Amino acid sequence: MRTLISLILTIFLSGVVVAQQLYIPRASPQATISQIVGISEVTIKYARPSKKEREIFGKLVPYGEVWRIGANENTTLTLSTDGKIQGEKVPAGTYGMHAIPGEKEWTVILSKDNNLWGSGGYNPENDLVRFISIPVKTTPVEFLTFSFEDVKDEYAVVTLAWDETKISFLIEFNTSELVQKKVNEATVWQPAMQGAMYILNKNGDLKEGLRLINISTAINTNYANLRIKAQLLNKSGDKNQAIQVMEQAIAIGKEMKNKPFDFEAMEKLIADWKSGK
């Protein structure tokens, strides 16, 4: 029994020691840098190796080979909204960052794999985008460093510096469009549509119904309010305009992942209008 207890204690204490060892300082400490650009957020997570009097590019980091851009786990770049990097479209998400350094140009890679250990498991088939950045000479930097420069509402320049080399790349967002989208999402369009739908169903004041539905579509144009507007126009005697608006609604409905419950009924309705019924 004493032997068993001793064995259990030994295993337990060994586990504690192992767990404690996981928290020792790293030679290349982890870092996170974030920047708000307009209403979008860019976040880079990476480990920061130091120069330690070594010659870095072309020696420690060979030219022409895929490099993790840092140390340890995958360096990652996260965009909170859709954007562009060096002119390439990049959807919102988190991507693994790699690079192929060269004397005259670097190829920077964003991969859909974002949880690799370094670049050991890198697979070019999972590339999202590649873009070119031209290295420039800079004052010596001991620890690899990402930073944001020239930050505006629509863009920011990201720089990576280590040893005497710096590269930069441009991240852009359509901030005006993103702001408008947020405004539309935050503004309630349903009450005006519901009021117009009530008037439609009760054969009420069509002029008031059209006023309300125009408010709704001005806030957020969608299948739901366009189909109401088309029916109000038809009841008001403007069949040609009703057909045009219903065609807009049908086009939106076709693109929806789940078809609206009354989609087939609206298709039949516009067919009837076109046939003169």
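Condition check ((1) surrounded by 15 or more Cβ atoms within 10 Å (Cβ to Cβ); (2) β-branched (Val, Ile, Thr); (3) at pLDDT 95 or above) across all residues:
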{"site": "Tyr198", "(1), (2), (3)": "no, no, no"}
{"site": "Asn203", "(1), (2), (3)": "no, no, no"}
{"site": "Ile215", "(1), (2), (3)": "yes, yes, no"}
{"site": "Asn220", "(1), (2), (3)": "yes, no, no"}
{"site": "Leu226", "(1), (2), (3)": "yes, no, yes"}
{"site": "Glu247", "(1), (2), (3)": "no, no, yes"}
{"site": "Met266", "(1), (2), (3)": "yes, no, yes"}
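I'd like to verify a number: residues in region 180-216 that are of a type in the set (Val, Ile, Thr) and either in a helix (DSSP H, G or I) or more than 36 Å from the chain's Cα centre (by Cα) (or both), how many?
4
Determine the pairs where a residue that is in contact (Cβ under 8 Å) with a residue 40 or more places away in the chain and not assigned by TED's automatic domain parsing to the domain that holds Thr221, located within region 244-272, has a partner that is among the β-branched types (Val, Ile, Thr) and not in a helix (DSSP H, G or I) with Cβ atoms under 9 Å apart, the partner being 6 or more residues away or on another chain.
If the second residue must be among the β-branched types (Val, Ile, Thr) and not in a helix (DSSP H, G or I), no pairs are left.
Scan Gly93, Gly102 and give me the residue that is modelled with pLDDT of 95 or more, more than 23 Å from the chain's Cα centre (by Cα) and small (Gly, Ala, Ser).
When all the criteria are applied, what remains is Gly102.
Do you know which residues across region 55-73 are under 25 Å from the mean Cα position of the chain (by Cα) and among the acidic types (Asp, Glu)?
Glu73
Can you spot a residue in region 158-176 that is in contact with a helix residue (DSSP H, G or I) (Cβ under 6 Å, 6 or more places away or on another chain), within 30 Å of Ala224 (Cβ to Cβ) and part of a helix (DSSP H, G or I)?
Checking region 158-176: not a single residue is in contact with a helix residue (DSSP H, G or I) (Cβ under 6 Å, 6 or more places away or on another chain), within 30 Å of Ala224 (Cβ to Cβ) and part of a helix (DSSP H, G or I).
Give just the number: which of (1) more than 29 Å from Val179 (Cβ to Cβ); (2) not in a helix (DSSP H, G or I) does Asn258 not satisfy?
Asn258 satisfies every listed condition except (1).
I'm trying to understand the selection: among the residues of region 113-124, which are surrounded by fewer than 14 Cβ atoms within 10 Å (Cβ to Cβ) and either modelled with pLDDT of 95 or more or closer than 20 Å to Pro29 by Cα (or both)?
Asn115, Trp117, Gly120
Give the residue, chosen from Ala271, Ala196, Ala251, Ala230, that is over 30 Å from Gln180 (Cβ atoms) and not charged (D, E, K, R).
When all the criteria are applied, what remains is Ala271.
Since Lys52 meets every condition but one in (1) under 31 Å from the mean Cα position of the chain (by Cα); (2) assigned to a loop (DSSP other than H, G, I, E, B), which condition does it not meet?
All conditions pass for Lys52, except number (1).
Test of understanding: among Thr145, Thr138, which residue is surrounded by fewer than 18 Cβ atoms within 10 Å (Cβ to Cβ), in contact (Cβ under 8 Å) with a residue 40 or more places away in the chain and out of contact with any Ser or Thr (no Cβ under 6 Å at 6 or more places or on another chain)?
Thr145
The values are calculated or read from the model by the stated rules, or taken from the named source; none is laboratory data. What you are looking at is a predicted structure, and each value in this text was computed from that prediction instead of being measured. No Cβ is skipped: glycine too gets one built from the backbone with ideal geometry, and neighbour counts run over all protein chains shown.
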